[in-house]
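**Student:** This is the structure I have questions about; it appears just below.
Quick note: the coordinates plus some simple rules give every number you see, no bench work behind them. Here the structure is a predicted model, which is why all the values come from computation and not from measurement. Positions of Cβ are generated from backbone atoms using ideal geometry, with glycine treated the same way; all protein chains shown enter the neighbour counts.
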Amino acid sequence: MTFQKVCGLDDLWEGEMNAVEVNGHRIILVCLTGGEVRAFQATCPHQEFPLKDGTFDGQKIVCKAHLWTFDGNNGAGINPRHCKLAQYPVRIENDAIFLATEGVVPEFFT
């Protein structure tokens, strides 16, 4: 699996989210309460609305369009429960965030 540097840890503070693009994948980075970093598809699986326009409270990602809500730890749907966000592998090394995209396919639901 090939990891690519996307930003430094200083670019993503606890409770924040940032959008990046890697190998044609639009990805949202979140820094959970406590400092763990996760990466998910950057578009809501409902109608492909950009999640960067929504909110993140350190635990939950909320899409601005229809308030679909996702667990920031694993991308699981909270509202509604039948959906999820595709998750990308993250590696932290030398104060930098690296992502891999191989084999990850964004999820979409209607």
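**Student:** Counting residues that are under 11 Å from the mean Cα position of the chain (by Cα), which strands (runs of 3 or more DSSP E) fully inside region 13-92 reach at least 1?
**Tutor:** Where strands (runs of 3 or more DSSP E) fall fully within region 13-92 and carry at least 1 residues being under 11 Å from the mean Cα position of the chain (by Cα), they are 17-22, 25-31, 37-41, 60-62, 69-71.
**Student:** Only one of (1) crowded, with 20+ Cβ neighbours inside 10 Å; (2) over 16 Å from F109 (Cβ atoms) is not met by K5, so which one is it?
**Tutor:** (1)
**Student:** For the structure I just gave you, tell me whether A100 is under 15 Å from I27 (Cβ atoms), of a type outside the set (D, E, K, R) and in contact (Cβ under 8 Å) with a residue 60 or more places away in the chain.
**Tutor:** yes
**Student:** Out of (1) exposed (fewer than 14 other Cβ atoms within 10 Å of the Cβ); (2) at positive phi; (3) out of contact with any helix residue (DSSP H, G or I) (no Cβ under 7 Å at 6 or more places or on another chain), what's the single condition that is false for H82?
**Tutor:** All conditions pass for H82, except number (2).
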